[in-house]
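Below: the structure, in structure tokens.
The values are calculated or read from the model by the stated rules, or taken from the named source; none is laboratory data. For clarity, every value in this text was computed on a predicted model and none was experimentally measured. FYI the Cβ positions are ideal-geometry reconstructions off the backbone, even for glycines, and counts take in every protein chain you see. Areas reflect the complete protein model, heavy atoms only, side chains present, ligands, DNA and RNA absent. Shrake-Rupley method; radii C 1.70, N 1.55, O 1.52, S 1.80 Å.
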Amino acid sequence: MSHSHLTAPTTRVILGSSSVYRKQLLERLGLPFETMTPDIDETPHAGETPEATALRLARAKAAAIAARAGAALVIGSDQVATLDGQQIGKPGNHANALRQLQMMRGREVIFHTALCLWDGRRTDAAQAAQLCNVQTLVRMRDLSDAELDAYLHIEQPYDCAGSAKNEGLGIAILESIRSDDPTALTGLPLIALTTMLRQAGVGFFGLTAPQ
């Protein structure tokens, strides 16, 4: 449980993620929240666009937790990295990560960060979910094999799509980041999320939400 000195919202807020980065981002908003881990299959469907995959999984994560949590506001998020429209998965090991970075260097990678806020107080599932996708355009530096290899040994981002964590040393392999929501690349678009929470009646700054 994450505690805050601010007034608690009347509804439970649950972050449907085990990511420490998403948790740290959500803590910025000063709202009390809990974390729960969704247990869903994250395999992309055949023929599915990267944006569709991210949106489907963000919604599925939120829905899975909402089914257990009852009348709560559940936040689900999913991120898919793409190069030339093809999904770039989590590398899993050093060799795969090096191949990914060699393929991406000097080029632009698009990160789709999908967000779902599921309002468990609503009985109609069609009305319960707010959904959006935030695109981040990342240009990778054109680095040598030696630099990429050394970076991977230090950072070991083998559980990250695209083998780059911008929260850490990964920032040094990026040339530029363009997005409407600066926290989207880390995995939780806070500008979009605050909009959704306001729509759901959550107040900020210790105040009740304006009606």
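A few remarks follow.
- Angle between the chain longest axis and helix 145-155 axis [Cα atoms, degrees, rounded to 10]: 40
- Along each principal axis, Cα extent of the stretch 122-166, largest first, Å: 55, 20, 11
- The share of alpha-carbon pairs in the stretch 101-211 lying farther apart than 23 Å comes to 43%.
- If you model the chain as an ellipsoid using its alpha carbon gyration tensor, with each semi-axis the square root of five times an eigenvalue, the axes come out at 33, 18, 15 Å, biggest first.
- Quotient of Cα Rg and 2.2 N^0.38 Å for the stretch 55-94, N being how many residues it contains: 1.57
- Normalised convex hull volume, the stretch 61-145, alpha-carbon set, Å³ per residue: 104
- Fraction of accessible area attributable to carbon and sulfur, the stretch 62-206 (%, probe 1.4 Å): 49
- Considering only alpha-carbon pairs that sit under 8 angstrom and 6 or more positions apart, the relative contact order computed for the chain is 21 percent.
- A full extension of the chain between Gln24 and Thr49 corresponds to an added length of 6.1 nm, given 0.36 nm per residue minus the alpha carbon distance.
- Cα→Cβ-extended label distance, 7 Å offset, between Asp149 and Glu175, nm: 2.3
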